[in-house]
Amino acid sequence: MLEPLLERKESLEALCAKTPAFRYRLAAASDRCGSAHLAVSEDLDGSALSADGQTGARLIDVTTIDFEVAKNDLLAPYLIKLDTHGFEAEILRGALETLPQTEMLIIEAYNFNLGGEALRFPQLCLHLESLGFRCADLVDLSWRPSDGMLWQMDLVFIPSASPSFSCNAYA
């Protein structure tokens, strides 16, 4: 697991103590290894990579999924879960070696443009299709409190070559 928030370290240590096979690194997933700025939100859950020098942003490590998979000798098949507030395309560029051995991706997707390279959910579906995955399910829908508009959901992707997609019938 990659987690950029130092505030989550205690919980992750407890999880590692309870589940010895679990490992984590305090870093954000990216398309490169190095460092970046993280804007930390008050509730922590809205934290996201930010422009260099943004007020209140902290410098954190970034790494790629491909690097971490190789470094930790992780065996396929893989499941990748992203809750990254619009940085999915960037992260997926850092997972191009891992993706062919990935059985499932679960990606938090938005119905609104969060800025930068952020992909709204229809664009995310098209992007994942170009990488060999199709949307198989959606869960955890959330609506914007101010007007009830669909805000976000988790999309579940599986390889396009899955036998599940070979039948176009409803039944």
Charged-residue dipole, Cβ positions (Lys, Arg, Asp, Glu), the chain about Cα centre, Debye nearest 20:
220
What number, in nm² with one decimal, is the all-direction average of the projected area of the convex hull of the alpha-carbon atoms of region 53-171?
9.9
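For the chain, what is the calculated [θ] at 222 nm in deg cm²/dmol (nearest 500), taking -39500 (n - 2.57) for each run of four or more DSSP H residues and dividing by its residue count?
Computed mean residue ellipticity for the chain: -5000 deg cm²/dmol.
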Which of the lysines could a cross-linker bridge to LYS9, judged by Cα under 17 Å and excluding same-chain residues fewer than eight apart?
LYS18
Accessible area of region 74-132 divided out per residue, in Å², using a probe of 1.4 angstrom
50
How compact is region 126-171 by the rule of thumb for globular proteins, expressed as Cα Rg over 2.2 N^0.38 Å?
1.48
Could you check how much of the accessible area of the chain is carbon and sulfur, as a whole percent, using a 1.4 Å probe?
55
Please grab the % of Cα pairs in region 1-125 that end up more than 26 Å from each other.
21
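When the Kirkwood radius is taken over all Cα pairs of region 58-127, what Stokes-Einstein diffusion coefficient follows at 20 °C and 1.002 mPa s, in µm²/s? Don't skip to the answer; put the middle values down first.
Details: Rh = 13.0 Å.
Diffusion coefficient, whole number: 164 µm²/s.
The values are calculated or read from the model by the stated rules, or taken from the named source; none is laboratory data. This one's a predicted model, so the numbers in the text were calculated from it and none came from an experiment. Heads up, the Cβs are rebuilt from the backbone with ideal geometry, glycines too, and the neighbour counts pull from every protein chain shown. Heads up: the accessible areas ignore ligands, DNA and RNA and are worked out on the full protein's heavy atoms, side chains in. Shrake-Rupley method; radii C 1.70, N 1.55, O 1.52, S 1.80 Å.
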